[in-house]
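All remarks here apply to the structure that follows.
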Amino acid sequence: MSQPNEPWVVVVWGDSIAASGWPQQVEFSHNVAQNTGQTIRMVNSGIGGMPAAKAREQFDEKVAAHKPNVVIIQFGFNDMRHDGSRGALPLSTPDEFQAHLEHMATRCMKELNAKVLVYGNHRANRITILPTGLAYDQARAVYTDRAEAAARNAGAVFLDMAKVFQLGETPWTALVNDDGVHLTGAGQTAYVSVTSTAIMWLIEGKNPAEEFARRG
């Protein structure tokens with residue numbers, strides 16, 4: 001944990017959505033535009049292709065080593081993938097995914113005394129039907145519901161990015177690139193805006209989920 005007048009350390013623990021680079025932009029955005037006396041230092045622990053099923057085993061290296069004040073956890077797109085390694089099962093079933101995130105959030109809060117934000121993924125613009133019979137974005141919604149349940153059980157703050165993005169004027173389809181999942185420049189800007197604002201509210205002792213809901 002930081003000492004007085006030291007930056008708050010914010011770790012983003014996620015997959016390729018985080019690895020795309022928006023966390024680094026949050027540091028600048030907050031420190032020059034939303035800084036009320038407490039600066040932040042962002043640590044991007046996002047790894048492309050990473051499911052929560054594997055990330056949970058990297059807690060010491062990817063999270064604890066940085067002694068964070070805040071941890072943002074965002075997974076799901078890889079957990080719902082079927083790569084054949086588990087036969088007919090995805091990398092994490094919805095039940096398993098919820099358990100993974102709850103375990104991760106709980107460790108961050110209890111062992112590091114960190115504030116935790118769990119993000120539900122933004123919408124995906126894909127027609128793909130998964131082996132479960134669900135369309136890709138339907139599966140995304142299922143895993144988002146499980147992320148919310150995990151956050152609730154752990155006592156963390158949950159933000160559904162698909163819903164928060166509705167507060168802006170940019171159509172959600174403009175936030176994802178041609179693969180229907182990863183972020184365009186506008187999508188990264190949206191993540192920066194939401195995250196820097198959420199951190200500002202955390203520093204002020206407010207609940208970001210409640211604050212965004214008031215503006216919905």
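The values are calculated or read from the model by the stated rules, or taken from the named source; none is laboratory data. Here the structure is a predicted model, which is why all the values come from computation and not from measurement. Every residue, glycine as well, gets a Cβ built from its backbone with ideal geometry; the counts of neighbours run over all protein chains shown.
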| message | Quick test for you: out of Gln166, Gln138, pick the one residue that is part of a helix (DSSP H, G or I), modelled with pLDDT under 95 and not hydrophobic (A, V, I, L, M, F, W, C). | response | Gln166
| task | Being in contact (Cβ under 8 Å) with a residue 24 or more places away in the chain and closer than 23 Å to Arg41 by Cβ narrows it down to one of Met104, Met80, so name that one. | result | Met104
| said: Name the single residue that is surrounded by the fewest Cβ atoms within 10 Å (Cβ to Cβ) among those in segment 169-180 being assigned to a helix (DSSP H, G or I) and not polar (S, T, N, Q). | reply: Ala174
| query | For segment 205-216, how many residues meet the condition of being outside any helix (DSSP H, G or I) and touching a helix residue (DSSP H, G or I) at 6+ places or on another chain (Cβ under 9 Å)? | reply | 4
| Within the set of pairs 6 or more residues apart or between chains, which connect a residue that is touching a residue at least 40 places away in the same chain (Cβ under 8 Å) inside segment 18-35 to a residue that is part of a helix (DSSP H, G or I) and among the hydrophobic types (A, V, I, L, M, F, W, C) with Cβ atoms less than 6 Å apart? | Trp22/Val192; Gln25/Val192; Val26/Val192; Ser29/Val192; His30/Ile199; Gln34/Met200
| Can you spot a residue in segment 192-202 that is more than 26 Å from Phe28 (Cβ to Cβ), touching a residue at least 24 places away in the same chain (Cβ under 8 Å) and not hydroxyl-bearing (Ser, Thr, Tyr)? | no
| field | Subset tally (residues that are under 12 Å from Gly14 (Cα atoms) and not in a strand (DSSP E or B)) for segment 107-123 | value | 1
| said: Quick check on Gly48: is it in contact with a helix residue (DSSP H, G or I) (Cβ under 9 Å, 6 or more places away or on another chain), in a loop (DSSP other than H, G, I, E, B) and free of Cβ contacts under 8 Å to residues at least 12 places away in the same chain? | reply: no
| task | Pick out the one residue from Ala64, Ala105, Ala114, Ala52 that is under 30 Å from Ile203 (Cβ atoms), touching a His at 6+ places or on another chain (Cβ under 6 Å), at pLDDT 95 or above and surrounded by 17 or more Cβ atoms within 10 Å (Cβ to Cβ). | result | Ala52
| task | Restrict the check to segment 14-34 and report whether at least one residue is part of a loop (DSSP other than H, G, I, E, B), out of contact with any strand residue (DSSP E or B) (no Cβ under 6 Å at 6 or more places or on another chain) and closer than 17 Å to Glu204 by Cα. | result | yes
| said: Can you go through Gly133, Gly120, Gly155 and tell me which one is at pLDDT 95 or above, surrounded by 22 or more Cβ atoms within 10 Å (Cβ to Cβ) and not β-branched (Val, Ile, Thr)? | reply: Gly120
| request: State all residues of segment 181-216 that are in contact with a Leu (Cβ under 7 Å, 6 or more places away or on another chain) and loosely packed, with under 12 Cβ neighbours inside 10 Å; if no residue qualifies, say none. | output: Arg215, Gly216
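Here is a yes/no grid of residues against (1) more than 15 Å from the chain's Cα centre (by Cα); (2) surrounded by fewer than 18 Cβ atoms within 10 Å (Cβ to Cβ):
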| residue | (1), (2) |
| --- | --- |
| Ala19 | no, no |
| Glu27 | yes, no |
| Ala33 | yes, yes |
| Asn69 | yes, no |
| Phe77 | no, no |
| Met80 | yes, no |
| Gly87 | yes, yes |
| Leu91 | yes, no |
